[in-house]
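My questions all concern the structure below.
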Amino acid sequence: MSETPKLKVTIDNITVEVPAGTSILNAARQIGGDVTPPAMCYYSKLEGSGGKCRTCLVEVSKGSEKDPRPMPKLVASCRTNVMDGMEVKSITSEKVLDARKGVVEFLLLNHPLDCPVCDQAGECDLQDLSYEHGDAGTRYEFNRRTFDKEDIGDKIQLHMTRCILCYRCVFTAEQLTQRREHGILDRGDKSEISTLLGKSLDNEFIGNVIDVCPVGALTDKTFRFKNRVWFTKPVDAHRDCPTCKGKVRLWMRGDEVYRVTARKDEWNEVEDWICNTCRFDKKEVKDWVIEGPSKISRHSVISQNHYVNPAKTQNVLPEVIGKDPKLLMDIHTISDVNRPEIELSRIDGPAHSDDFEKKDK
Ligand code: SF4
Ligand code: FES
């Protein structure tokens, strides 16, 4: 059997050899680090994904050895395959960096700035993208889009205003489940995710749409408003599951399991799809064999408080302003921890202020 020929491609002055048919994005992933373009819609595990969001734009300064002409426009690296001798600029191109700023601005045109109340905060690809590539302002002067609320089932919450129309959830439902009941309706700024007939998405693997969603448009109703992700500790665990491989990540606080998700790789993509039973119904430690703490990038907010004996930051504000700052509200006088008899991970629906202990009582 003949081997697939290897092609040489140089990205930001680093040369790699990849098999023919590899996209520029996947070649850059082999190099890793900052050279790798961000990707909001491409998902290596989903066939046909990519080409929707334009966050992965790169400049091709040399087309190939045979035809060295540069490509006239920036190209989507997830949808452009490498050619032998190709030269690509990612973070070394001013044009690319400028285009990324524009794409972030575009993605945020209709996205609500509701990170403080969004369950995805702290693990949102759009938050990270805006932080790394975004600009401070926007030129948009119109109202953001609004939608009628749609209930898509008892386990998954849809916030259509946050959706960036990446299509990942549609591909997941199409490729993982027997039957897809949702899709993207209408065109242009009227496009929206919908189940059309208001049918719930209740097949055994549909919970995976939560994990592939790069923003907070699809979140887990069983975890909703119960904790912030950076207060929980992720641990890898497994169980003998008849439906899926049962290899998951538990998001724990103390010995309570708040949330179960699939494990993700360095590109924030699911390693193994998990079934709804593992995700939504196995919320007790005894359901799982714990393997140990999950590897989380130290740059992630989720890593905070995970160090042994961290040095406490010094409050320098009184020294700087010459007096104690006047607090508008000290969050700790309003709420601290949940009342002992209440297990937040078990209550039905979102946590409520009544579920927390009031210190001043
Ligand atoms: S709901 Fe999430 S996964 Fe689905 S299209 Fe919108 S942003 Fe993408
Ligand atoms: S990741 Fe390439 S267009 Fe979205």
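The values are calculated or read from the model by the stated rules, or taken from the named source; none is laboratory data. Because the structure is a prediction, the values reported are computed rather than measured. Neighbour counts are summed over all protein chains in view; Cβ atoms, including those assigned to glycine, are modelled from backbone coordinates with ideal geometry.
What single numbered condition from (1) within 13 Å of ligand 2 (Cβ to nearest atom); (2) under 30 Å from GLU141 (Cα atoms); (3) part of a loop (DSSP other than H, G, I, E, B) fails to hold for LEU113?
(1)
Name every residue in region 145-170 that is under 24 Å from ASP98 (Cα atoms) and either away from ligand 1 (no atom under 15 Å from the Cβ) or of a type in the set (Val, Ile, Thr) (or both), in order of residue number.
The answer is ILE164, and nothing else.
Go through (1) outside the structural domain of CYS53 (by TED's automatic domain parsing); (2) modelled with pLDDT of 90 or more; (3) surrounded by fewer than 15 Cβ atoms within 10 Å (Cβ to Cβ) one by one and return the number of the condition ALA136 breaks.
(2)
Given the residues ALA173, ALA217, ALA121, which is the only one that is small (Gly, Ala, Ser) and away from ligand 1 (no atom under 14 Å from the Cβ)? Steps first, answer last, please.
On the way: ALA173 fails: away from ligand 1 (no atom under 14 Å from the Cβ); ALA217 fails: away from ligand 1 (no atom under 14 Å from the Cβ).
Result: ALA121 is the single residue among ALA173, ALA217, ALA121 that is small (Gly, Ala, Ser) and away from ligand 1 (no atom under 14 Å from the Cβ).
Here's a follow-up. What strands (runs of 3 or more DSSP E) completely inside region 148-237 contain at least 3 residues that are more than 16 Å from ligand 2 (Cβ to nearest atom) and touching a residue at least 60 places away in the same chain (Cβ under 8 Å)?
On the way: elements: 156-158, 183-185, 192-194, 218-220.
It comes to 156-158, 218-220.
Return a yes/no flag: does region 68-78 have any residue that is of a type in the set (A, V, I, L, M), assigned to a loop (DSSP other than H, G, I, E, B) and outside the structural domain of ILE210 (by TED's automatic domain parsing).
So the first thing to find is which residues in region 68-78 are of a type in the set (A, V, I, L, M), and the list is 71, 74-76.
Now narrow it down to the ones that are assigned to a loop (DSSP other than H, G, I, E, B): 71, 74.
If we keep only those that are outside the structural domain of ILE210 (by TED's automatic domain parsing) too, we end up with 71, 74.
Checking region 68-78: at least one residue is of a type in the set (A, V, I, L, M), assigned to a loop (DSSP other than H, G, I, E, B) and outside the structural domain of ILE210 (by TED's automatic domain parsing).
Could you check, for region 69-76, whether at least one of its residues is at pLDDT below 95 and β-branched (Val, Ile, Thr)?
The answer is no, given that none of the residues of region 69-76 is at pLDDT below 95 and β-branched (Val, Ile, Thr).
When residues of region 318-349 are filtered for being at pLDDT 60 or above and part of a helix (DSSP H, G or I), how many remain?
So the answer is 4.
Quick one: is GLY63 more than 16 Å from ligand 1 (Cβ to nearest atom) and assigned by TED's automatic domain parsing to the domain that holds THR161?
Values: more than 16 Å from ligand 1 (Cβ to nearest atom): yes; assigned by TED's automatic domain parsing to the domain that holds THR161: no.
No; evaluated as a whole, the condition is false for this residue.
Filter region 30-63 down to residues that are away from ligand 2 (no atom under 12 Å from the Cβ) and basic (Lys, Arg) and give me whichever is farthest from the chain's Cα centre (by Cα).
So, considering only residues that are away from ligand 2 (no atom under 12 Å from the Cβ) and basic (Lys, Arg), the one farthest from the chain's Cα centre (by Cα) is LYS62.
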